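For reference, the structure discussed in these notes is given below.
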Amino acid sequence: MIIDQNGNTTIVTQEKANTIELVKKLQALYPKFQNNNVIVNLTTLTKIPLEELIAFLEISNNHRAAKHSFVIVTNKVDFDEIPDEIVVVPTLQEAYDIIEMEEMERDLGF
């Protein structure tokens with residue numbers, strides 16, 4: 001797991017195939033990035049089962065409830081199967097675009 005900081009956005013990149021372990025590490029390290037937007041970059045992994053993406057749901061919901069963005073980046077999933085409660089995009093640029101849009105919505109009071 002690699003953690004990078006880009007302004008008010010924390011980018012977590014997973015290099016190994018175990019996303020369940022990543023979720024546990026994110027929960028343990030949550031205080032370090034709880035006030036930032038978070039991008040979880042899974043682009044280096046092979047196909048990711050839906051169950052593994054759903055493992056991020058709790059931390060994503062908590063982070064979004066605190067008025068911060070939580071976006072997962074991967075192009076190795078079937079986007080039709082992903083629940084609406086979790087934000088998954090195929091590229092890092094789209095993740096930044098989502099964060100920018102969500103920040104505008106928060107500024108406007110939505």
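Here, each number is a calculation from the coordinates, and none is a lab measurement. Bear in mind the structure is a predicted one, so any value in this text is a computation, not a measurement. As a convention, Cβ positions derive from the backbone with ideal geometry for all residues, glycine included, and neighbour counts pool all protein chains shown.
Of note:
- Counting 0.36 nm for each residue step from Asp78 to Leu92 and taking away their Cα separation leaves a gain of 3.3 nm.
- Ordering Asp107, Asp97 by the number of other Cβ atoms within 10 Å of each residue's own Cβ, fewest first, gives Asp107, Asp97.
- Taking the fewest neighbouring Cβ atoms within 10 Å as the starting point, the ordered list for Thr13, Thr74 is Thr13, Thr74.
- Amide H partners (placed H, <5 Å) of His68, local residues excluded: none
- Checking every one of the trypsin sites (Lys or Arg not before Pro) in the stretch 1-48 against DSSP loop status and a limit of 16 other Cβ atoms within 10 Å picks out Lys16, Lys47.
- The angle between the Cα long axis of helix 19-33 and the main principal axis of the chain comes to about 30°, on a 0 to 90 degree scale.
- All lysines inside 19 Å of Lys47 as judged from Cα atoms, apart from same-chain residues fewer than 8 positions distant: Lys16, Lys76
- Computed lengthening from Ile2 to Asn35, 0.36 nm per intervening residue step minus Cα-Cα distance: 10.0 nm
- Likely footprinting exposure, Met104, Met1, fewest C-beta neighbours within 10 Å first: Met104, Met1
- For Leu108 and Lys24, the FRET efficiency from 1/(1 + (r/R0)^6), where r spans their Cβ atoms and R0 equals 30 Å, is about 0.25.
- The charge dipole of the stretch 2-107, taken about its Cα centre with unit charges on the Cβ of Lys, Arg, Asp and Glu (plus for the first two, minus for the last two), comes to roughly 540 debye.
- Cα long-axis angle, helix 92-107 against the chain (0 to 90 degrees, to the nearest 10): 30
- Largest GNM mean-square fluctuation across Pro31, Pro90, Pro49, computed for the chain with C-alpha springs under 10 Å, falls on Pro31.
- Measuring nothing but how far apart in sequence close Cα pairs (under 8 Å, 6+ apart) lie, relative to its length, the chain scores a relative contact order of 22 percent.
- Chymotrypsin sites (Phe, Trp or Tyr not before Pro) within the stretch 48-104, DSSP loop, no more than 13 other Cβ atoms inside 10 Å: Phe79
- Neighbourhood charge, 12 Å Cβ-Cβ cut-off, centred on Ile20 and excluding it, Lys, Arg +1 and Asp, Glu -1: 0
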